[in-house]
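Have a look at the structure below, then the notes.
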Amino acid sequence: MLLDAYEFDPTRDPRWATFVEKHPSASVFHGAAWLKALQKTYRYEPVAFTTSPPNVPLKNALVFCQINSWLTGRRLVSLPFSDHCEPLCHSSEELNFLVHHLQSNMSHRKCKYLEIRPVTQGFSEVHGGFSPAAKYFLHVMDLRPDYDALLHSFDRDSVQRRIQRAGRAGLVEKCGTSDELVRDFYRLFVLTRRRHRLPPIPRSWFWNLIQDNSQAVTIRVAYSDTKPIAAILTLGFRDVVYYKYGCSDHAYNSLGGMPWLLWNAILAAKSSGALQFDMGRTEESHMGLLAFKNHWVSQPRALVYWNFPAVSAVGPAHGWKMRVAQRIFSTMPENMLVVAGKLFYRHIG
């Protein structure tokens, strides 16, 4: 079969929403709302490649954002700030053709490299010239067991008892996407990022995500009396709920706010008919977060990002550059840390 490659903007092409909704491998990260939020917040350029001619229903696609950065270079990433982004192809022939097309056109696009973040294993075994850019663990919870079986599958001390502790503490949960909840969430988010010696993601990212995806986004905040002590943000797509962001006031962690909010989100996901609860990626070196997620999902999957051509480091988020940056961030006052986030994150992707 002879194939041709076509390029289009998935935020403007009316075929995209229908294609993503129907494709079995699509996730919330493929959606136009997620792409528009990336575009508005970081000025990335969404672009997709397909073998389907214009005005013909899409049968496959690889979606990217083009990042144009004076600091980290011009590159294609599928997709920035997304835990994973599976290529949406029904056959190996289609995928091979599109990948080869991109490899052959890197110099024409003046891109330093392209990055693909598939969920399925074996990508590099089929597509030559790629090398691992980063390795993570992906924790995905099966929601099909009944409530009791699900609860008892979690670690007894680190999850079950902390959920019970939150109940005894009389915590109150508020959920939605109101301005008040976004403000309380973001205050906790800044506190948590500062604790990790990192600038926070720009507040505009969360507003933009809600603006174009309000039905899918849920913010949950736990209050002790009237004080916000923990918060999470989840997204829903078809039969999967994605836990994307979590934050807390460390002084109140003994009350079990985070496990309690996660359990409430899992209950809501299950009652809505969701079959999976995706807890997102975790770096191999982030031992604390990895242990926390292992208490919920004891057998995570391997998740590998792939670059073509091979690069030794992806931007300032790796190696000694990040360690130096963290020292600087740790001394910044909160308002300067927020400003740093606005300047810093668009170069990473």
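Of everything in the stretch 205-225 that is polar (S, T, N, Q) and at pLDDT below 95, the residue that is surrounded by the most Cβ atoms within 10 Å (Cβ to Cβ) is N213. Which of the following residues is modelled with pLDDT of 95 or more, crowded, with 18+ Cβ neighbours inside 10 Å and touching a Lys or Arg at 6+ places or on another chain (Cβ under 6 Å): H23, H84, H30? Checking each option against the conditions leaves just H84.
Restrict the check to the stretch 163-179 and report whether at least one residue is in the same structural domain as P10 (by TED's automatic domain parsing), over 20 Å from the mean Cα position of the chain (by Cα), over 21 Å from I266 (Cβ atoms) and among the small types (G, A, S). Within the stretch 163-179, not a single residue is in the same structural domain as P10 (by TED's automatic domain parsing), over 20 Å from the mean Cα position of the chain (by Cα), over 21 Å from I266 (Cβ atoms) and among the small types (G, A, S).
Close Cβ contacts (under 7 Å, 6 or more residues apart or on different chains) running from residues in the stretch 30-51 that are over 14 Å from R12 (Cα atoms) and outside the structural domain of Y242 (by TED's automatic domain parsing) to residues that are of a type in the set (V, I, T) and surrounded by 21 or more Cβ atoms within 10 Å (Cβ to Cβ) comprise Y44/I67. Answer with yes or no whether P145 is outside the structural domain of A265 (by TED's automatic domain parsing), at pLDDT 95 or above and of a type outside the set (D, E, K, R). No, not satisfied. Within the stretch 320-349, take every residue that is modelled with pLDDT under 80 and outside any helix (DSSP H, G or I) and give me the one that is surrounded by the most Cβ atoms within 10 Å (Cβ to Cβ). My answer is G349.
The set of residues in the stretch 155-177 that are surrounded by 13 or more Cβ atoms within 10 Å (Cβ to Cβ) and not in a helix (DSSP H, G or I) comprises D155, A169, L171, E173, K174, C175, G176, T177. Take S271 and tell me if it is at pLDDT 95 or above, more than 17 Å from L188 (Cα to Cα) and surrounded by fewer than 17 Cβ atoms within 10 Å (Cβ to Cβ). In short, yes.
The values are calculated or read from the model by the stated rules, or taken from the named source; none is laboratory data. Since the structure is predicted, the reported quantities are computational estimates derived from the model, not experimental observations. A quick note on method: Cβ atoms are made from the backbone with ideal geometry, for glycine too, and the neighbour counts reach across all protein chains shown.
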